[in-house]
1. What average number of partner chain Cβ atoms lie no more than 10 Å from the Cβ of the residues making up B:224-231?
2. Let me know the Kirkwood hydrodynamic radius for chain B, please, with Cα pairs as the basis and the value in Å to one decimal.
3. Put a dot 7 Å past each Cα toward the Cβ at residue A:49 and residue B:71; how far apart are the dots in nm?
4. Assuming a ≥ b ≥ c are the square roots of the Cα gyration tensor eigenvalues, decide whether the protein assembly as shown counts as rounded (a/c under 1.5), prolate (otherwise, with a/b larger than b/c) or oblate.
5. Given labels modelled 7 Å from the Cα in the Cβ direction, how far is it in nm from residue B:254 to residue B:8?
6. Run the simple label-point estimate for residue A:29 and residue B:238 please: 7 Å along Cα→C-beta, distance reported in nm.
7. Beta carbons within 10 angstrom, averaged per residue: use that to sort the peptides B:200-207, B:54-61, B:11-18, highest first.
8. Output the relative contact order of chain B, whole-number percent, from Cα pairs under 8 angstrom with separation of 6+ residues.
């Protein structure tokens with residue numbers, strides 16, 4: 001069960017791979033899709049292992065990542 | 001558990017426009033822009049902030065910040081900010097300047113703005129090179145660093161020593177808050193954000209000149225890939241440009 005989820009704005013991604021270098025569960029990879037600006041955008045390989053830690057979003061120079069985190073049942 | 005609730009923990013700040021930046025892949029200008037925008041959002045300053053874009057790679061910053069902005073002549077952003085702030089004391093003024101802008105052609109303006117204690121905030125991007133013009137040696141270029149105008153590496157017997165601007169400006173009585181952060185990993189990016197928040201709070205409280213220097217990468221002109229360039233900041237720039245607060249007046253401590 002994923003603790004988090006990220007949404008990558010692929011059209012904004014420049015494929016710099018900084019997010020890949022900081023992702024603790026190592027679930028980010030370069031996709032084979034060229035975006036309209038000619039960059040290979042990053043995609044999530046295995047969203048179930050996302051912890052919602054936000055490190056990818058913190059280091060993304062193009063602010064293309066939005067992060068959601070699951071709210072634990074006990075705090076609801 | 002398909003009905004699990006989730007909360008939004010990270011999104012694009014409202015103080016950035018939707019424009020795509022022209023920066024190279026992995027350029028930390030984008031991170032610095034985001035930190036400034038988040039700080040303006042969190043302090044609720046977006047509607048009363050005026051920014052000043054520099055000459056340099058960030059020359060088009062006025063397309064990216066969702067605040068009113070002006071464009072200064074090379075190095076003259078602190079002088080423009082001085083006039084704009086004095087004419088509009090209720091506005092929040094920030095300049096966004098690189099090392100070629102602030103530490104070379106604009107060295108006079110920044111020293112006097114800090115010395116006068118102008119109530120403005122300066123975001124200083126130090127990437128140890130002239131980025132936009134093609135990677136020439138800057139005042140902050142490290143000893144031995146190869147650039148297009150120092151192909152054998154910076155020779156301090158000819159080009160002199162790199163300038164440490166935060167240390168220099170911290171000696172001036174008008175400077176209320178001067179800090180140096182780095183953008184080479186998430187931990188330091190978060191610390192840099194705190195420094196930027198403090199700098200804007202200093203201005204809000206009218207305590208005087210505030211500046212945050214950010215060690216940044218220029219993978220393109222350093223001839224490195226983005227990940228390698230961040231490592232170069234950590235291994236080479238941080239030892240010469242130590243991180244931390246260089247000037248925190250008592251009034252700033254009590255904020």
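Derivation of every value follows stated rules applied to the coordinates shown; laboratory data play no part. Note that the coordinates shown come from a computational prediction; the quantities given were computed from them, not determined experimentally. Cβ placement follows ideal geometry from the backbone for every residue including glycine, while neighbour counts extend to all protein chains displayed.
1. On the way: counts 0, 3, 8, 6, 1, 2, 4, 1.
Per residue, the average neighbour count from other chains is 3.
2. Values: mean 1/r = 0.0547 Å⁻¹.
Final number for the Kirkwood radius of chain B is 18.3 Å.
3. For residue B:71 paired with residue A:49, the spin-label model returns 4.7 nm.
4. Values: a/c = 1.89, a/b = 1.33, b/c = 1.42.
It comes out oblate by the Cα gyration axes.
5. 3.9
6. The two pseudo-label positions are separated by 3.1 nm.
7. Details: B:200-207: 18.5, B:54-61: 22.0, B:11-18: 16.5.
Highest-to-lowest ranking by the protection proxy: B:54-61, B:200-207, B:11-18.
8. On the way: 521 pairs, mean separation 45.5, N = 255.
This gives 18 percent for chain B.
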